[in-house]
1. Ranking C:Trp133, A:Trp214 by Cβ neighbours within 10 Å, fewest first, what do you get?
2. Would you compute, from DSSP H runs of 4+ residues alone, the mean residue ellipticity of chain B at 222 nm, taking -39500 (n - 2.57) per run and dividing by the full residue count, rounded to the nearest 500?
3. Could you compute the net charge surrounding A:Asp167? Neighbours are other residues with a C-beta less than 10 Å from the C-beta of A:Asp167; K and R count +1, D and E count -1.
4. Just to check, using Stokes-Einstein with a Kirkwood Rh over alpha carbon pairs, what's the diffusion coefficient of segment C:2-223 at 20 °C and 1.002 mPa s in µm²/s?
5. Quick check on packing: order B:10-16, B:90-96, C:55-61 by the mean number of other C-beta atoms within 10 Å, highest mean leading.
6. What FRET efficiency do you get for B:Leu208 and A:Ser144 if R0 is 56 Å and r is their Cβ-Cβ distance, rounded to the nearest 0.05?
7. Rounding to the nearest 10 and keeping the result within 0 to 90°, find how far the Cα-based axis of helix B:110-131 lies from the longest principal axis of chain B.
8. Pop the C-beta distance of C:Arg17 and C:Glu225 into the FRET formula with R0 = 30 Å and round what comes out to the nearest 0.05.
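None of the figures in this text is laboratory data; all of them are computed from the coordinates on show. Since the structure is predicted, the reported quantities are computational estimates derived from the model, not experimental observations. As a convention, Cβ positions derive from the backbone with ideal geometry for all residues, glycine included, and neighbour counts pool all protein chains shown.
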Amino acid sequence: MFPVIVSELSSPPPSAIVALSNLVKQFGRFAALRGITAEFAPGRLYALLGDNGAGKTTLLRTLAGLTRPTRGAISLLGTTDVRAACREVGYMAHPSMLYDEMSGMENLRYFARLYGIEDDAVCSEVIRAVKLDPSLERSVGQYSQGMRQRMSLARALLNDPKILLLDEPFSNVDLGSARDMVGLLAEMRNAGKTLFVVTHQAALLEKVADEFVWIEAGKIVARGRELEPRQPPAEAE
Amino acid sequence: MKRVFPILAVGTAAFLGYGFYEALWVAPTDQLQGDVYRIIYYHVPSAWTAFVFFAVNFVASIVYLVRRNLKADAVAVSAAEVGLVFCSVVLVTGPIWARPVWGIWWTWDWRLTSTLVMWLIYISYLVLRRFSSSGQTPVLAAALAIFGGLDIPLVYFSIWFFRTQHPQPVVGDGGSIDPSMFQVWLINWGAFLCFGALVFWLRYRQALRLQEIEEAEALESLLEVRGA
Amino acid sequence: MSFRSGITRATLAKDIRLEWRSKDAINSMLFFALLVVVIFSFSFDPTAEDSRRIAGGLIWVAFLFAAVVALNQTWARELRNQVLDAYRVSPAPPNSLFVAKALGNFIFVGVLEGFMTPLFAVFYNLRPLGPGWELIPVALLGTWALVVNGTFFAAMSLRTRSREIMLPLLLFPISIPALLAMVRATSAILSGEESIGFWIALLVAYDVVFTMASLFLFETVFEAE
């Protein structure tokens, strides 16, 4: 089991690693993000909470460069060109983003190539980091959900990203695997990575998250260190 | 717009009427085909007009991809639709002409065949616009328009070569053109261009309106306060 | 350049491996191709004199239908589990993906053609009266013409409703010059009556124009969201 470390930040964070300014994303008439302005410091684990349809996934996809904002500005790792920063970003969605017919190692070998990584050792390393066996020949389609989520996380870690975007990494995963993953995420945060984790299971992150961010109807309605019943927004954005 | 339009409409109607008069009375009767041939004054200028509007669609699509200005997209869709109407006129007047002259409805004459393919390409353009989600329609449609525009010369060239190897009854050709006939062609072409431009203008303004409405609705959904 | 070509090679290898593993895709395609040939044989009586003349056209129409089914499948694989997103978030250039998919489709359709051609030759008792080797450049150029546009339009169709019908709807009209060239060239070789120089030149021009157009516009279409 990984030791779960509660983060203790005594000093205010240096300049933001992610800065959003009036970020708007519309799909036709539907506004998924309705003007988000926020800054996020490096080396923190941010838990993004909110109901379905609140815009959490859209926010993550925008940060990953999969969706272009309709209006507003994003700054990621000091650049406004999100695509340029993609080498330093890892993204994990709820679907596995893996090929069911290949083994974990084969999958990762391919995706490593997309980052210019030709060394198998890197793939083995990340697979071991998520507590899976690199030599497992079983195809991913036959994995359990927990294994699949972990392998998906491994894929997101291939390029050793500075920013990790995880969309519901613990859903449908057994509690043991989920706790393992939380521990791993804490480790990565302690190593200096910045993590954005969308989840419906906030309790899992209670001891590990540096900050909770509540998103509702496309806006950030609250942020806080503690996971408590949400107050009516005093300073809604 | 409101004041200028009726004047332009009347002017265009007059122009069309003049072209009609020229085509049916002033132009000389053809030696071989008699008066039936007069449909050529609608068949050929329609084709030229369709080309003009499809060229506009091609250019507007390129402009859209470069500038991402939605007005260019409005121009593109309006030009495609107007061009398609004139293209349809060509495809309808062709058989109407061919039937009394050659006894068959359709001839695989190279010009008619190529026009049919052009018609199919722009129909597929409109289908793509309808079937794609509204945010992506301009980009996808512009890409298809460029492919289509690049294809048209290949279409005409390949079918021309094919048909010179295997000649069919030719619609719209047949030796030298009497200069007075050519003049009537030009008159009607001018009239069709005016008419096409007028309809295009209407359609373009409608397209702009639709864009405005969509933007307003989007803005509305952006600002609305949901729940408590 | 080696980063890009490495990705293209890796993607192509991956696609071939995946195709090989889920053999039901290739098997069902081969069976479909066989059915097409047989049904054509019922519609266009192979024993009649005229059929030999139109065989050039028939075979390419059969290839076209088989190709459309294949083209739809190769992109569909990338939609499962949202795998395409994994490609898009990486620094890998979209064109490398396009080239890999186009080459993969070329191989796949080529396999289908290799399967169907002997069948046609047997059913229709075809023997080229002209130079038979000329069929090879025609097949290569013609197949690439179908595949390059087919891969592009299949990618475009991913973002539309009625995805499967969109592909042939977009592909068929634009492919007509290439189809005409393929059919005329094949018929000319089988009948030995005409030279195919013009048609080869047309296919080369077509392939060059649309390969360039696809490479130029693919990234735009790929990133449209």
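1. Details: C:Trp133 9, A:Trp214 21.
Placing the least packed residue first, the sequence is C:Trp133, A:Trp214.
2. On the way: 6 runs with 175 residues, N = 228.
Result for chain B, helices only: -27500 deg cm²/dmol.
3. Working: positive: A:Lys56, A:Arg61; negative: A:Glu168.
Here the charged neighbours net out to +1.
4. Details: Rh = 18.2 Å.
The estimated diffusion coefficient comes to 118 µm²/s.
5. On the way: B:10-16: 14.6, B:90-96: 18.4, C:55-61: 22.3.
Packing order, densest peptide first, comes out as C:55-61, B:90-96, B:10-16.
6. FRET efficiency, B:Leu208 to A:Ser144: 0.55.
7. 10
8. Working: r = 29 Å, r/R0 = 0.96.
Calculated value: 0.55.
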